[in-house]
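Below is one structure, written out as structure tokens, with a few remarks after it.
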Amino acid sequence: MPLIVLRPEPGAGQTVARAEAMGLAVRCHSLFAAQPLNWGAPPPDKFDALLVTSAQTARLGGPALDLYASLPTYAVGEATAAALHARGFGNVVSGSSDGTAIAAQIATDGHRAVLHLAGDMVAAIDAGPLRITRVAVYTMAESQAGDALRADIAAGAIILVHSPRAAARLAELAPMDLRAASHVAAISPAALNAAGQGWASASAADLPRDDRVLALAVRLCEDLGDRAGKRAT
């Protein structure tokens, strides 16, 4: 059963490479493409920490992003931290969970005024005692995905879902009558919920990381292979 990757680039290429190295057959239908926005950079001295929740910020933030390189920086995910390091950010704390978890870490570290550079649509964050100023530096534009994706879903596949927004878009593109043959492997419970009902199975990774959702997909492949083998005997 093929694996369908819905991520935008450059994450899509990374996931495809990892999956193929595991011996999986992969088809890529990126649902979104990241595009930079013109954004106004607030004065760095108004903040005592920087929060970045996507590697796209490091890729698309432009020269103004470098104004904040001296701030204590908090990144959600190893890929985001690596992208910031590549931009010259040296003081980066990486969290493997989500925005709310790393907001708690920022507060524990004694910071209060936080600049959050992100996309124009972000998951909700429980700010606690923090005063978070969010500035959008990129947008995720819908790409052309339709008949080819629907045909793959109807034929049966394991679909990797890396965000709630991608899951919601998948639910729009795949009507209920096409879902029964395909399985959803989501990166988080929020993404799982956004994918809707009617799938052959749907489950979320134990941690919101690409390697964990791929591991979930491998287990699904193995389980499906075992079931097919038992039916054949």
ask   = Spin-label point model (7 Å from Cα, Cβ direction): what's the Arg134 to Arg150 distance in nm?
value = 3.2 nm
query = Carbon and sulfur: what percent of the chain's accessible surface (1.4 Å probe)?
reply = 52 percent
note = Residues meeting the amide H criterion for Arg27 (H placed from the backbone, H to H distance under 5 Å, 5 or more places apart or on another chain) are Leu3, Ile4, Val5
ask   = Can you give the calculated 222 nm mean residue ellipticity of the chain, where each DSSP H run of n ≥ 4 adds -39,500 (n - 2.57) and the sum is split over every residue, rounded to the nearest 500 deg cm²/dmol?
value = -11000 deg cm²/dmol
inquiry  = Only bridges whose two residues both fall in the chain count here: according to DSSP, what percent of them are antiparallel, nearest 5?
reply    = 15 percent
task = Could you rank Ser203, Ser94, Ser182 by how accessible they are, 1.4 Å probe, largest area first?
result = Ser94, Ser203, Ser182
inquiry  = Could you give the length gained by full extension between Ala33 and Ser70, i.e. 0.36 nm per residue of separation minus their alpha carbon distance, to one decimal place?
reply    = 10.4 nm
request  = For the stretch 159-174, just list the computed ³J(HN,Hα) in residue order, Karplus coefficients 6.51, -1.76 and 1.60, θ = phi - 60°, integers in Hz, with x standing in for Gly and Pro.
outcome  = 9, 8, 10, 9, 7, x, 5, 5, 5, 5, 5, 4, 4, 5, 7, 10
request  = Please provide three numbers in whole Å: the alpha-carbon extents of the chain along the principal axes, with the largest listed first.
outcome  = 68, 33, 30
inquiry  = What value in Å³ per residue do you get for the convex hull of the alpha-carbon atoms in the stretch 116-156?
reply    = 87 Å³
ask   = What is the extension gain from Asp177 to Glu20, computed as 0.36 nm multiplied by their sequence separation minus the C-alpha to C-alpha distance, in nm to one decimal?
value = 53.6 nm
D (Stokes-Einstein, µm²/s), Kirkwood Cα radius, the stretch 142-233, 0.692 mPa s at 37 °C = 245 µm²/s
ask   = By how many nm would the segment from Ala107 to Asp45 lengthen if fully extended, with 0.36 nm per residue of separation less the alpha-carbon distance?
value = 20.5 nm
note = Expressed to one decimal in nm², the mean projection of the alpha carbon convex hull of the stretch 134-184 is 4.1 nm²
inquiry  = Eigenvalues of the Cα gyration tensor times 5, then square-rooted: what semi-axes does that give for the stretch 11-147, in whole angstrom, largest first?
reply    = 28, 17, 14
key: Shape of the stretch 14-54, Cα gyration tensor, a/c cut at 1.5   = oblate
query = Can you run phi through the Karplus equation (6.51, -1.76, 1.60; θ = phi - 60°) for the stretch 142-158 and list ³J(HN,Hα) in whole Hz, with x for Gly and Pro?
reply = 5, 9, 7, 9, x, 4, 5, 5, 4, 5, 5, 5, 5, 6, x, 7, 9
ask   = Could you list log10 I(q)/I(0) for the stretch 1-81 at q = 0.18, 0.19, 0.20 Å⁻¹, which the Debye formula gives when each Cα is one point scatterer?
value = -0.82, -0.87, -0.93
key: Cα gyration tensor shape for the stretch 100-200, rounded if a/c is under 1.5, else prolate or oblate   = prolate
remark   = Scoring the stretch 35-120 by relative contact order with C-alpha pairs under 8 Å, at least six apart, yields a percentage of 37 percent
Amide N of the stretch 4-35 lying under 18 Å from the label point, which is placed 7 angstrom from the Cα of Glu78 along Cα→Cβ = 10-22
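The values are calculated or read from the model by the stated rules, or taken from the named source; none is laboratory data. The model shown is predicted, which means the values in this text are computed figures rather than measured ones. Counting neighbours? That spans all protein chains shown, and the Cβs are built from the backbone with ideal geometry, glycine included. Protein only, heavy atoms only, side chains kept; ligands, DNA and RNA dropped before computing areas. Shrake-Rupley method; radii C 1.70, N 1.55, O 1.52, S 1.80 Å.
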